[in-house]
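The values are calculated or read from the model by the stated rules, or taken from the named source; none is laboratory data. For clarity, every value in this text was computed on a predicted model and none was experimentally measured. For neighbour counting, all protein chains shown are included, and Cβ atoms are generated from backbone atoms with ideal geometry for every residue, glycine included.
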Amino acid sequence: MDTTPIINNFKSEEYQINMGPQHPATHGVLRLLLTIDGEIIKKVEPDLGYIHRSIEKMCERDSYQQIVHLTDRMDYLSSHINNEAVCLTVENALELEIPERVKVIRTIIAELTRIASHTLWWGVMGMDVGALTTYFYGFRDREMINDIFEETCGARLTMNYNIPGGLMFDIHPNFVKRTKEFIAHFKTKLPEYDLLLSNNIIFRKRMEGIGILTKEDAISFGASGPVGRASGYSCDVRKHHSYSAYDKVKFNEVLKTEGDTYSRYQVRVLEMWESLSIIEQLIDNIPEGDFFAKTNAVIKLPEGEYYQKVETARGELGVYIVSTGTKNPYRMKFRSPGFSNLSLLNHIAVGGKIGDLVATMATLDLVIPDIDR
Amino acid sequence: MSYFSDIYNGVKTLLTGMSVTGKYFLHSRKGAITQQYPDNRDTLKMFDRFRGEVVMPHDENNEHRCTGCQKCELACPNGSIEIIWDRQVDPETGKKKKMIDQHIYHLGMCTMCGLCIEACPTDAIKWAQNFENSVYDRAYLTRVLNKPGSKLMPGVED
Amino acid sequence: MGLTKDYNTKIMTNEALQNLISLWIPELEFTEEKSQFLNITVPPEQLIPLMTQLKSNSETNFDYLFCLSGVDWGKELGVVYHLESTTHRHQLVVKVKTEDRENPTFDTVCKIWYTAEFHEREVFDFFGIQFTNHPNLKRLFMTEEWDGFPLRKDYVDEINMIIK
Amino acid sequence: MNITKNIHEWLFSLMPETTASIVEMVLIAVVYLAIFAVAGLYLVLLERRVAAWFQLRLGPNRVGYQGLLQTMADALKLVSKELTGTLKADKFLYNLAPYFVIVTALMAMSLFPFTKELHAFDINIGIFFLIAISSIGVIGILLAGWSSNNKFALIGAMRSGVQTISYELSVGLSLLTMVLMTGSLQLSQIVEVQEKGGWLIVQGHIPALIAFCIYMIAGTAETNRAPFDLVEAESELGAGFHTEYSGMKFAYFFLAEFINMFIIASIATTVFFGAYLSPFGITENIPLLGVFWFLGKTLLLIFLMMWFRWTFPRLRIDQLLVLEWKYLLPLNLMNLLLMALMVLLGLTIQF
């Protein structure tokens, strides 16, 4: 059942090809309708909705505690940060005073999530350009983080560790020890990432100078996260609209100016170093105290509109809640980073080859449930 | 001359890459990161907070702690918990009291969010670390958590 | 790397913004109640002039449309634009509403911000709001033959929707 | 070699001369086929295990001791699988393609000198024949991609055509560089030269080394393996030319890839590393050990190709051509001149 009408007005050399929904490079169920001339991409048209679950509609019937676990299923690679976004919105709306301990733990876990997401991305990135071994090296390091999560939160991916007001339970006694072990381990492995892939001549030739996104276009397309920062667009929400404990730590916003695929790659690898340094600054300084602030069993947000943005591993996640004072949100909207990042794919992939499209798409780091909410 | 220096540098980066994988190849004897799952069943222990499935612990007298307050049912986002209850006369006090008949848990609908366990005021339900949840028939995924003939542990109140 | 930046600088306060914008187009509704941003409600026909001005004026320079959401306010349908300036770092919310639920139509802003193209398709998909001059206005997530607009409050689907 | 001699005499005593020689040829062919089918299977297993070790995994280790029967089981599975195909495929070509690939792969096998005696087919244009045969395989790939009525497969096939035509040149020229030293295309002659004067890679030192590097790169490209696996390019084209093949027809492609890898490594062994000759002649007295040395060297080179595969990312199609036409070909031509000069001036190292 093809629902997309065939676009005519082809030139005689052009043909159309379906990349996805089952295709190794689309990482999920994204369908790209490519118009190709030989190997040259003429047009990329994404077709979405294969796993749309209408989370926004489901939110309208759920209580605020219940909404949090739905956000796990959006961008599953930064599920903790998604949870945090909803919780922060609710907490800001209720004007709750959040204990320092919660803020610090949230920040540490968010940064661990970011590293986990980036290591997975790094592995898959290598696989997309044909170096299959990177996948396993990336997963080796991610596995350690997942173990930390599992010990503390009980789940490896869809953690649901945040509740409006704080955390579901305190960190596990082993948390600090394991995190330090991970930092020590990862500091020896991260240079290998560069040796194996970043400096590799084939990889660099593949990545440099393709998929170029200028700063103006990046802003206009709403690119965020590493995609925006690789174009020289300072868009780190952690810096510009600081939340949790990010105002207490020192870290650099990684900025590149080339805007090509390789600089997007570099931004992510360098961001892992920054995340490590954030965790290092915080891990010894987790303040004592409560791990949650008391809330009512039934949370009712005061009437009004609330917006909160956070920086997920993919970019800026916005949560927009319209409340009418009841226990459910009247309208809930997630502004997902992947959605905006996907919208610029056509812009930067046209003129490249099929191989370029795959590399470009890999550096956009699309997670389809994030787009298909 | 940049032609030749390009070749030289290119080959050098390739060899560095090969040295990384080569190092792992040589250490492959001890370095496998994978687990041989069904074989290591005996030693494989999940973390104590691992969310496998919701269970209701019973003590040796076949008594549980569920008062039938239905807070878990309300907290569940997916409707995976259903509590069938009625009012029965408590033999000790002689008053009518809410008693659970069946605490039904649909594992197939559960998203392991943990809200029910947070919501439970009497710690009647908790996480089990069992992860081998696959069954041949979907009907097996619907479980009655309280054992037949079980009753409320004395002294547990809302 | 190595770029020292002064984060969290706001050049214009909400008040100054309000004064400036009300000079351009007089009949705008401003409110700061129940929201952390300055809200502007604009009549549909004034949307494009206002948005163009907001983007191009060097004092406002709202070049980043970070969220575009459709909202069903019960009686009215509307679109909420969240804007931010990447140079001045001030934020603004623009709302546009219509009471026509049968055939709600606004002008597209995707010539001003490219990102609006996808977001407007999403709004069309879920709220049935038409955007004139949109280059490719068709269903984004739902199938072409889907009946109704799911995020509207009066949408009913007895099979797929579980009401608690 | 007594057994072969006995069989030979027994056959000729049994039937007339022509029939006997035909029967003999068929027998040899069957033996070779059997050996290389099994060799192909075990190369698959080797690849999987080596890949696993590179990737911190264990690899298949369940079927048989350390997974030794794994590929046998896989082959059995593939045999029993349904053969599916696309509706509008060109049925004749679609069915022909896998045989094209596997037959050419097996044909090249007969030429290699495993020991001095164990040498099925020694013709005077040996290397020329090998190059010719190994480039026929691409026709099979082109047919497969063309006939299966799938755009992804077609892109893969076209890439394959471009790639093989380009890299054929480098393989040929780098082997030609070595032929300058031997003065013969016949494989037995080439080995003889090495028996007298040391392995060719030592004899020819610098140009031979360059030729070897170029040969390995081009050879990897010739077999369509990573980093030159644009034909399959699983992250771009799904599976490339064999997307629409299943069951045993797919297995033919799969097996042919590994046998081709063996062929490329065997040619390198024969031309650069003295085929069955032992290093410094340590086992010269036991000619049967030649098989061991031949296979040992070949496996080492195969391991090198696997190492490439599990380390490097894939090239893009235009970079593939740039590498060939802008780097390998000019270098190769220079190298050929250098070698010619060296041979002319007698600068080769002779033991």
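Some notes on this structure:
- The residue that is farthest from the other protein chains (Cβ to nearest Cβ), among those in region D:271-290 that are assigned to a helix (DSSP H, G or I) and not aromatic (Phe, Trp, Tyr), is D:Gly281.
- Test result for B:Gly108, part of a helix (DSSP H, G or I), without any contact (Cβ under 8 Å) to a residue 40 or more places away in the chain and away from chain D (no Cβ under 14 Å): yes
- For beta carbons closer than 8 Å, sequence separation of 6+ or different chains, a first residue in region C:30-48 that is within 14 Å of another protein chain (Cβ to nearest Cβ) and a second that is among the basic types (Lys, Arg) and surrounded by 15 or more Cβ atoms within 10 Å (Cβ to Cβ), the qualifying pairs are C:Asn39/C:Lys95; C:Ile40/C:Lys95; C:Thr41/C:Lys95; C:Thr41/C:Lys97.
- A:Ser54 vs. criteria more than 9 Å from chain C (Cβ to nearest Cβ) and out of contact with any strand residue (DSSP E or B) (no Cβ under 9 Å at 6 or more places or on another chain): no
- Looking at D:Tyr65, D:Tyr42, just one residue is of a type in the set (Ser, Thr, Tyr) and within 23 Å of the chain's Cα centre (by Cα), and that residue is D:Tyr42.
- Restricting attention to region D:291-316 and to residues that are under 17 Å from the mean Cα position of the chain (by Cα) and within 14 Å of chain A (Cβ to nearest Cβ), the residue that is surrounded by the fewest Cβ atoms within 10 Å (Cβ to Cβ) turns out to be D:Trp307.
- Single residue of A:Thr113, A:Thr119, A:Thr107, A:Thr134 found to be under 11 Å from the mean Cα position of the chain (by Cα), of a type in the set (Ser, Thr, Tyr) and part of a helix (DSSP H, G or I): A:Thr113
- Within region A:231-270, the set of residues being farther than 19 Å from C:Cys67 by Cβ, of a type in the set (A, V, I, L, M) and either within 11 Å of chain C (Cβ to nearest Cβ) or without any contact (Cβ under 8 Å) to a residue 40 or more places away in the chain (or both) comprises A:Val254, A:Leu255, A:Val267, A:Leu270.
- Taking the listed residues D:Arg48, D:Arg57, D:Arg62, the one that is in contact with a Ser or Thr (Cβ under 9 Å, 6 or more places away or on another chain), among the charged types (D, E, K, R) and without any contact (Cβ under 8 Å) to a residue 12 or more places away in the chain is D:Arg57, with no other qualifying.
- Options D:Leu173, D:Leu209: the member that is assigned to a helix (DSSP H, G or I) and either out of contact with any helix residue (DSSP H, G or I) (no Cβ under 6 Å at 6 or more places or on another chain) or surrounded by fewer than 19 Cβ atoms within 10 Å (Cβ to Cβ) (or both): D:Leu209
- Exactly one residue among C:Lys97, C:Lys55 is within 12 Å of another protein chain (Cβ to nearest Cβ) and among the basic types (Lys, Arg), and that residue is C:Lys55.
- Tally, over region D:119-143, of residues that are part of a helix (DSSP H, G or I) and within 30 Å of D:Val271 (Cα to Cα): 17
- A:Asn328 assigned to a loop (DSSP other than H, G, I, E, B), surrounded by 18 or more Cβ atoms within 10 Å (Cβ to Cβ) and modelled with pLDDT of 85 or more: yes
- Among residues of region A:118-145, those that are at pLDDT below 90 and among the polar types (S, T, N, Q), counted: 2
- Meets criteria (of a type in the set (Phe, Trp, Tyr), within 12 Å of another protein chain (Cβ to nearest Cβ) and under 27 Å from A:Tyr15 (Cα atoms)) for A:Phe334: no
- Within region D:144-156, being within 13 Å of chain A (Cβ to nearest Cβ), part of a helix (DSSP H, G or I) and crowded, with 23+ Cβ neighbours inside 10 Å holds for D:Phe152, D:Ala153, D:Ile155, D:Gly156.
- Region A:140-156, subset among the hydrophobic types (A, V, I, L, M, F, W, C) and under 19 Å from B:Val54 (Cα atoms), residue farthest from the other protein chains (Cβ to nearest Cβ): A:Cys153
- The condition (being assigned to a loop (DSSP other than H, G, I, E, B) and crowded, with 18+ Cβ neighbours inside 10 Å) is satisfied by just one residue among C:Arg139, C:Arg101, C:Arg121: C:Arg139.
This table checks each residue for (1) assigned to a helix (DSSP H, G or I); (2) touching a helix residue (DSSP H, G or I) at 6+ places or on another chain (Cβ under 6 Å); (3) more than 10 Å from chain D (Cβ to nearest Cβ).
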| site | (1), (2), (3) |
| --- | --- |
| B:Arg29 | yes, no, no |
| B:Ile33 | no, yes, no |
| B:Pro38 | yes, no, yes |
| B:Met46 | no, no, yes |
| B:Val54 | no, no, yes |
| B:Asp59 | no, no, yes |
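Conditions (1) more than 8 Å from chain C (Cβ to nearest Cβ); (2) in contact (Cβ under 8 Å) with a residue 12 or more places away in the chain; (3) over 26 Å from A:Leu34 (Cα atoms), marked per residue:
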{"residue": "A:Glu316", "(1), (2), (3)": "no, yes, yes"}
{"residue": "A:Tyr320", "(1), (2), (3)": "no, yes, yes"}
{"residue": "A:Gly338", "(1), (2), (3)": "yes, yes, no"}
{"residue": "A:Leu344", "(1), (2), (3)": "no, yes, no"}
{"residue": "A:Val350", "(1), (2), (3)": "yes, yes, no"}
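- Matching option when the condition is crowded, with 18+ Cβ neighbours inside 10 Å, among the hydrophobic types (A, V, I, L, M, F, W, C) and not in a helix (DSSP H, G or I), among D:Leu45, D:Leu56: D:Leu56
- Residue that is nearest to the chain's Cα centre (by Cα), among those in region B:111-135 that are surrounded by 15 or more Cβ atoms within 10 Å (Cβ to Cβ) and more than 13 Å from chain A (Cβ to nearest Cβ): B:Ile125
- Of all the residues in region A:294-313, those that are buried (at least 16 other Cβ atoms within 10 Å of the Cβ) and in a loop (DSSP other than H, G, I, E, B) number 6.
- Yes/no for D:Phe241 being surrounded by 23 or more Cβ atoms within 10 Å (Cβ to Cβ), of a type in the set (Phe, Trp, Tyr) and either out of contact with any Pro (no Cβ under 8 Å at 6 or more places or on another chain) or part of a loop (DSSP other than H, G, I, E, B) (or both): yes
- Considering only residues in region A:287-314 that are farther than 23 Å from C:Ser35 by Cβ, aliphatic (A, V, I, L, M) and over 18 Å from the mean Cα position of the chain (by Cα), the one that is farthest from the other protein chains (Cβ to nearest Cβ) turns out to be A:Ala293.
- Taking the conditions (1) within 14 Å of chain A (Cβ to nearest Cβ); (2) over 20 Å from the mean Cα position of the chain (by Cα); (3) not charged (D, E, K, R) in turn, D:Ala226 satisfies each one other than (2).
- All positions within region A:174-209 that are in a loop (DSSP other than H, G, I, E, B) and within 11 Å of chain B (Cβ to nearest Cβ): A:Asn174, A:Asn199, A:Asn200
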